[in-house]
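Colleague: First the structure, which I've put down as structure tokens, then a few questions once you've had a look.
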Amino acid sequence: MTRIAFLAVFVLALLTSIASAEVYPQEVRDAFMTECTESGGPAPVCTCVLLKMEQNITMEQLEKQDFTEETIVGWTTECMSSLAPPAE
């Protein structure tokens, strides 16, 4: 039951995030997901980071690389923590 509640909260958070985000073009999203997962990132973590990027980094900023690596690393850490199964 705990797993179902966790998944429900995660899906709700994703839907809320998507509603207020600037969605990148599909080719950008696909390239990010490919690069992230081929680098060893679990797909749910990569998706979480992508959503945070879309919420906080405009396409123009992305094209200019107007963001810090520390920001992306911080989001990755947050996503890994939030997607970790609850300790039993």
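No value in this document is a laboratory result; all are computed from the given coordinates. Just so it is clear, the model here is predicted, and its values are computed rather than measured. Positions of Cβ are backbone-derived with ideal geometry, glycine not excepted, and every protein chain shown enters the neighbour counts.
Colleague: Would you please name the residue that is surrounded by the fewest Cβ atoms within 10 Å (Cβ to Cβ), looking only at residues in the range 32-88 that are hydroxyl-bearing (Ser, Thr, Tyr) and not in a loop (DSSP other than H, G, I, E, B)?
Modeller: SER81
Colleague: Can you tell me which residues in the range 24-78 are of a type in the set (Val, Ile, Thr) and more than 10 Å from the chain's Cα centre (by Cα)? Break it down into steps so the answer makes sense when it comes.
Modeller: As a first pass, look at the range 24-78 and keep what is of a type in the set (Val, Ile, Thr): 28, 34, 37, 45, 47, 49, 57-58, 68, 71-73, 76-77.
If the condition is that a residue be of a type in the set (Val, Ile, Thr) and more than 10 Å from the chain's Cα centre (by Cα), then VAL28, THR34, THR37, ILE57, THR58, THR68, THR71, VAL73, THR77 are the ones that fit.
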